[in-house]
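What follows is one structure encoded as structure tokens, with my remarks underneath.
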Amino acid sequence: MQGIDSLADYLCRMNVKDDIQSRWWALEEKLMARFGKKPDMEAILFLIGIQEVGDFQTKFTKEQKQDLMHVAVCSLLSPSGYYELEMVDEEGWPHYRQLKTLPVFNFIEQENFMKDHILLYFENQELNE
């Protein structure tokens, strides 16, 4: 029975990964159509950070880009209870408080974890438009 449970768990994980990957490719296609090139994970986090801060200036310093990606990660992981918005400062930048420790993943698991949260973010954005 152990083998069957393991196979079922494996197939379930494969279906989840396949679902995430097909949804990810669809998101990449939408972003490619909008921006003219395929974005990587950092570019998508940067775009989400800009959206969350609402600052659409054309140039950002390296530090601002890192801050925007940090805002994106906090915003993405808030619905899962990892962060909560603490305040928005006088310049309009959100500040988050970490509520619980992030899980320890290998690289692929971490990438899928972030992809899943990014996909949920964009799905929620479409619902709110």
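Read the figures in this text as sums done on the coordinates, not as results from a lab. Source: prediction; values computed, not measured. Don't worry about glycine lacking a Cβ; one is built from the backbone with ideal geometry, like all the others, and counts go over all protein chains shown.
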Residue hits (segment 83-101; closer than 17 Å to Ile50 by Cβ and not in a strand (DSSP E or B)) are Asp89, Glu91, Gly92, Trp93
- prompt: Scanning for something over 26 Å from Arg23 (Cβ atoms), touching a Phe, Trp or Tyr at 6+ places or on another chain (Cβ under 9 Å) and either without any contact (Cβ under 8 Å) to a residue 24 or more places away in the chain or not in a strand (DSSP E or B) (or both), does segment 109-123 turn up at least one residue?
  reply: no
Considering residues that are farther than 20 Å from Lys115 by Cβ and either in a loop (DSSP other than H, G, I, E, B) or in contact with a Leu (Cβ under 6 Å, 6 or more places away or on another chain) (or both), the number found within segment 49-81 is 8
